[in-house]
Amino acid sequence: TVSVNLAISLADRGFKTGLLDIDIHGPSVPKLLNLENGKIGISDDEKLVPVSCGVNLGVMSVGFLLSDRDDAVIWRGPRKYGAIKQFLKDVDWGELDYLVIDSPPGTGDEPLSVCQLIENPDGAIIVTTPQDVALVDVRKSVTFCRQLNVPVIGVVENMSGFVCPFCSTEIDIFGSGGGERMAADMGIPFLGRIPLETMIRTSGDTGRPYLGQKSGEQSPAWKAFSSIAESIA
């Protein structure tokens with residue numbers, strides 16, 4: 001959700017943007033962008049062509065390669081590495097201002113492959129929820145980046161409180177402030193808090209990106225998402 005809305009926001013600002021979904025076992029980006037029927041093209045020089053999503057956004061995901069959306073991808077590390085290498089080296093991305101890479105949680109084969117294949121990435125954005133159970137794992141992701149000399153652009157605290165649509169009272173379902181405290185403790189920037197909001201869920205289920213819906217501009221979550229995207233851009 002964060003990767004998709006960041007990519008949408010950058011594309012809306014006029015930047016040529018690529019969105020690469022390397023969650024091999026759970027490729028959700030096609031669903032989030034209503035591209036489940038998207039077809040990868042082949043260029044004249046036999047490179048893969050990303051699926052277009054609007055004027056400035058090209059999307060690549062293993063989800064486009066599945067014959068059925070319920071198919072399970074049962075791959076070991078070397079095959080995942082090979083697929084990610086192909087997505088990076090054999091895709092005709094064109095001239096990009098940004099390439100947003102959506103990784104599964106943790107420090108497994110997928111983010112490690114990206115760090116090994118891309119020279120001098122601008123950095124990683126760490127997404128967490130506020131509770132301690134999540135932060136225990138997310139701190140390891142920060143350490144992972146440091147050990148691989150990948151700069152940490154900052155931390156996003158997602159699902160940070162629920163804003164009641166009737167009375168605007170905020171309820172801290174998963175707690176609040178955990179991501180910010182972790183960022184301060186580990187000496188990395190804190191980018192912002194995104195509260196829980198029903199519209200975020202419905203936008204994902206319907207494939208209509210949250211930041212692409214101007215009707216939500218006054219909501220706390222929309223303002224938070226937009227502010228985070230602006231600071232990253």
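The values are calculated or read from the model by the stated rules, or taken from the named source; none is laboratory data. As the structure is a computational prediction, the values presented were derived from the model and not from experiment. Cβ placement follows ideal geometry from the backbone for every residue including glycine, while neighbour counts extend to all protein chains displayed. We work out accessible area using only protein heavy atoms, side chains counted, and drop any ligands, DNA or RNA first. Shrake-Rupley method; radii C 1.70, N 1.55, O 1.52, S 1.80 Å.
Of all residues in the range 118-135, those satisfying the criterion of being touching a residue at least 12 places away in the same chain (Cβ under 8 Å) and open to solvent by 50 Å² or more (accessible area, probe 1.4 Å) are 122, 125, 127, 131, 132. Pairs are defined by a Cβ separation below 7 Å, a sequence spacing of at least 6 or placement on different chains, a first member in the range 195-216 that is over 18 Å from residue 157 (Cβ atoms) and surrounded by fewer than 12 Cβ atoms within 10 Å (Cβ to Cβ), and a second member that is modelled with pLDDT of 90 or more and not polar (S, T, N, Q); no pair meets this definition. For the range 161-173, a tally of residues being at pLDDT 90 or above and buried (at least 19 other Cβ atoms within 10 Å of the Cβ) returns 0.
Quick grid of which residues meet (1) open to solvent by 80 Å² or more (accessible area, probe 1.4 Å); (2) in contact (Cβ under 8 Å) with a residue 12 or more places away in the chain; (3) at positive phi:
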| residue | (1), (2), (3) |
| --- | --- |
| 139 | yes, yes, no |
| 143 | no, no, no |
| 159 | no, yes, yes |
| 231 | no, yes, no |
